[in-house]
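**Student:** Just dropping this structure here.
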Amino acid sequence: GESVGLHLPTLSVQEGDNSIINCAYSNSASDYFIWYKQESGKGPQFIIDIRSNMDKRQGQRVTVLLNKTVKHLSLQIAATQPGDSAVYFCAEKGVAGRRALTFGSGTRLQVQP
Amino acid sequence: DAGVTQSPTHLIKTRGQQVTLRCSPISGHKSVSWYQQVLGQGPQFIFQYYEKEERGRGNFPDRFSARQFPNYSSELNVNALLLGDSALYLCASSSGLAENTGELFFGEGSRLTVL
């Protein structure tokens, strides 16, 4: 079936470095993607979203890139800080119904001081 | 301002029992969605309610049910609990049906353990 997945379960980076978290999707009809951050003991927190008619969107210290040719999504975090340590999920709208989000399994980002 | 609040935060049940989880959305939000998050995995969609009506349902058995009240709060009920129902149950609210946005606001969840 259709799925949203991630390449790496854990990513370790040095404080101050840039982080790149990747996500692959298989539903070519998906038209909306979201990145969420989930800290330990908390619910997911919206970071940034992107529609399929865009290939790049920037926020504060974060950039999402969408490559529809290879069905790949990435989240770039600039100057990674200890507070960025969390699990990051990409989510897709449209797979499980227009109003539901389909989440990937997540990537844990560990920021080393 | 209060965010999405859920209760209880933690609970332990035994197989075969029933559980009710509660959610209060952000003030002014009319839509509530429920997600199940098994340890080590991403959340999975269970239900969405808007204006007290079910607007979406995920691939969960009929043991799972929910409802939304006139004040837009919601309850999720799970009957005949199985060990596999152990998970973090997340409630999320949005101002509308969130057709064109993924900006759901999540609560901190109710951690259910089934023994």
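**Student:** Would you check if there is a residue in the range A:48-64 being within 7 Å of chain B (Cβ to nearest Cβ) and out of contact with any helix residue (DSSP H, G or I) (no Cβ under 8 Å at 6 or more places or on another chain)?
**Tutor:** Yes.
**Student:** Given the structure, is A:Tyr32 within 13 Å of the chain's Cα centre (by Cα), open to solvent by less than 20 Å² (accessible area, probe 1.4 Å) and closer than 23 Å to A:Val111 by Cβ?
**Tutor:** It is false that A:Tyr32 is within 13 Å of the chain's Cα centre (by Cα), open to solvent by less than 20 Å² (accessible area, probe 1.4 Å) and closer than 23 Å to A:Val111 by Cβ.
**Student:** Now, a different point. Which ones in the range A:25-44 are in contact with a Phe, Trp or Tyr (Cβ under 6 Å, 6 or more places away or on another chain) and assigned to a strand (DSSP E or B)?
**Tutor:** A:Tyr36, A:Lys37
**Student:** Now for a separate question. Can you confirm whether B:Tyr35 is in contact with a strand residue (DSSP E or B) (Cβ under 8 Å, 6 or more places away or on another chain), modelled with pLDDT of 95 or more and within 12 Å of chain A (Cβ to nearest Cβ)?
**Tutor:** Yes: the conditions hold for B:Tyr35.
**Student:** Has the range A:79-94 got any residue that is closer than 27 Å to B:Gln36 by Cβ and open to solvent by 40 Å² or more (accessible area, probe 1.4 Å)?
**Tutor:** yes
**Student:** With (1) farther than 21 Å from A:Ala100 by Cβ; (2) over 15 Å from the mean Cα position of the chain (by Cα) as the list, and A:Gly43 as the residue in question, which single condition is left unmet?
**Tutor:** Among (1) farther than 21 Å from A:Ala100 by Cβ; (2) over 15 Å from the mean Cα position of the chain (by Cα), A:Gly43 violates only (1).
**Student:** Please specify each residue of the range B:73-89 satisfying the condition of being among the small types (Gly, Ala, Ser) and either surrounded by fewer than 14 Cβ atoms within 10 Å (Cβ to Cβ) or part of a strand (DSSP E or B) (or both).
**Tutor:** B:Ser74, B:Ala80, B:Gly84, B:Ala87
**Student:** Can I ask one more? Taking only pairs six or more apart or across chains, which ones have beta-carbon atoms under 6 Å, a first residue in the range A:16-45 that is of a type in the set (Asp, Glu), and a second residue that is open to solvent by less than 60 Å² (accessible area, probe 1.4 Å)?
**Tutor:** Correct list of pairs: A:Asp17/A:Thr80; A:Asp31/A:Ser52; A:Glu39/A:Ala86.
**Student:** Residue pairs, Cβ under 6 Å, 6 or more apart or interchain, first in the range B:54-73 and more than 14 Å from chain A (Cβ to nearest Cβ) and at positive phi, second modelled with pLDDT under 95 and in a loop (DSSP other than H, G, I, E, B). List them.
**Tutor:** B:Tyr72/B:Lys30
**Student:** Moving on. Take the residues in the range B:40-51 that are in a loop (DSSP other than H, G, I, E, B) and either in contact with a helix residue (DSSP H, G or I) (Cβ under 9 Å, 6 or more places away or on another chain) or at the interface with another protein chain (Cβ under 9 Å from one of its Cβ atoms) (or both), then tell me which one is most open to solvent (accessible area, probe 1.4 Å).
**Tutor:** Top of the filtered list is B:Gln41.
**Student:** Residue under question is B:Glu54, and the condition is that it be more than 19 Å from A:Pro44 (Cβ to Cβ) and either among the β-branched types (Val, Ile, Thr) or not in a helix (DSSP H, G or I) (or both); does it hold?
**Tutor:** Yes, satisfied.
The values are calculated or read from the model by the stated rules, or taken from the named source; none is laboratory data. Keep in mind that what you see is a predicted model, and the values were worked out from it rather than measured. When we count neighbours, we look across all protein chains shown, and the Cβ atoms used for this are built from the backbone with ideal geometry, even at glycine. All accessible areas refer to the heavy atoms of the entire protein, side chains included, with ligands and DNA or RNA removed. Shrake-Rupley method; radii C 1.70, N 1.55, O 1.52, S 1.80 Å.
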